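Okay, structure first, notes after.
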Amino acid sequence: MMARYQLSATVTARPQVTGDIVRLALLAPAVSQAATPGQFVMVRSAVALDPLLRRPFSVCRVNGDGTLEILVKVIGQGTRGLAALKVGDQVDLLGPLGHGFVMPDQGRACLVGGGIGAAPLLFLAQKLGERLPASDIQVLLGARTGAEAMALALPFRDLGLPVQLATDDGTAGHHGLVGELLAALTSGAFPTQVYACGPHPMLAAVARISTDRGWPCQVSTEAIMACGLGACLGCAVPRNGGRGYLHVCKQGPVFEAGELQW
């Protein structure tokens, strides 16, 4: 059985990534040591009781000082409160939760992220770098603007990894969708494993491209959830072939692309 902890974690850093995205470093040694790429944590500010429920966040990175990092994009009341936290504030944290990525010991890996979907891929890249040479790891990132894309790409480049960008407004990299970068890979860059995280339409496109080319593909799915433990049943996604549903919090968030109905 996987280790799971509920504890208070201290905010140790909160760099601003973009105007609406903050990276929170949380001191939680037990969770950071137990977490694997693709897993997530449920987080709620300990400063206020409203909103009451925790919010799910992928583990973005773990550090040697016992901290783990999450990316918080301001969308509603809960994320606005978390983004406003200061160094020294406490959060209520539950995790690590879910099933993460399966990592190869050889071959070429291609990481495809859309916007905030880059978060779990950074932790994955961190761990893949311990198994594979940097030349065998390629990163494709999509974002709305060049500024957002460049900010999300920076920590991957700090790991020594090559990053290709796609932007909606054409201000950096390819003017278009990140899936188009994947489809345009040449034979010398074909991956032996594709990993993807981002909005559902992006994941559907990546799954289709990977299936058409015979590339194994793992997707990290996003879903609204209240508990993260399988009790609320709010994160159900349809299983491929009309065979019922899978639950993102317990059977995911990472799935083989062929398991899901797109």
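The values are calculated or read from the model by the stated rules, or taken from the named source; none is laboratory data. Worth saying up front: this structure is predicted, and the values here are computed from it rather than measured. Using ideal geometry, Cβ is built from the backbone for each residue, glycine included, and neighbour counts are taken over all protein chains shown.
How many residues, within the range 165-181, are on the phi < 0 side of the Ramachandran plot and crowded, with 19+ Cβ neighbours inside 10 Å?
Quick first cut of the range 165-181, residues on the phi < 0 side of the Ramachandran plot only: 165-169, 171-172, 174-175, 177-181.
Among the residues that remain, those that are also crowded, with 19+ Cβ neighbours inside 10 Å are: 165-167, 178-179, 181.
Here the count works out to 6.
Evaluate the following for Asp65: is it more than 30 Å from Gly146 (Cα to Cα), touching a Lys or Arg at 6+ places or on another chain (Cβ under 6 Å) and in a loop (DSSP other than H, G, I, E, B)? Show your work before the answer.
Numbers: more than 30 Å from Gly146 (Cα to Cα): yes; touching a Lys or Arg at 6+ places or on another chain (Cβ under 6 Å): no; in a loop (DSSP other than H, G, I, E, B): yes.
So Asp65 does not fit the description; no.
Got at least one residue in the range 4-23 being crowded, with 23+ Cβ neighbours inside 10 Å and within 15 Å of Ile116 (Cβ to Cβ)?
Here is the first cut: in the range 4-23, the residues crowded, with 23+ Cβ neighbours inside 10 Å are 9.
Narrowing the set further to residues that are within 15 Å of Ile116 (Cβ to Cβ) leaves none.
For the range 4-23, residues crowded, with 23+ Cβ neighbours inside 10 Å and within 15 Å of Ile116 (Cβ to Cβ): absent.
Any chance you could count how many residues in the range 128-140 are within 16 Å of Gln218 (Cα to Cα) and either surrounded by fewer than 17 Cβ atoms within 10 Å (Cβ to Cβ) or touching a Gly at 6+ places or on another chain (Cβ under 8 Å) (or both)? Working first, answer last.
So in the range 128-140, the residues within 16 Å of Gln218 (Cα to Cα) come out as 128, 137-140.
Subsequent filtering for residues that are either surrounded by fewer than 17 Cβ atoms within 10 Å (Cβ to Cβ) or touching a Gly at 6+ places or on another chain (Cβ under 8 Å) (or both) retains 137, 139-140.
Qualifying residue count for the region: 3.
Quick one: count up the residues across the range 72-90 that are buried (at least 22 other Cβ atoms within 10 Å of the Cβ) and within 17 Å of the chain's Cα centre (by Cα).
Here is the first cut: in the range 72-90, the ones buried (at least 22 other Cβ atoms within 10 Å of the Cβ) are 72, 82.
In the following step, the residues that additionally are within 17 Å of the chain's Cα centre (by Cα) were identified as 72.
So the count comes out to 1.
What strands (runs of 3 or more DSSP E) completely inside the range 214-262 contain at least 1 residues that are modelled with pLDDT of 95 or more?
Values: elements: 217-220, 236-238, 245-247, 254-256.
So the answer is 217-220, 254-256.
Name the one entry in Thr12, Thr36 that is in contact with a Pro (Cβ under 8 Å, 6 or more places away or on another chain), hydroxyl-bearing (Ser, Thr, Tyr) and in contact (Cβ under 8 Å) with a residue 60 or more places away in the chain.
On the way: Thr12 fails: in contact with a Pro (Cβ under 8 Å, 6 or more places away or on another chain).
Just one listed residue meets the conditions, Thr36.
In this structure, does Phe101 turn out to be modelled with pLDDT of 95 or more and within 13 Å of Leu26 (Cβ to Cβ)?
So Phe101 does not fit the description; no.
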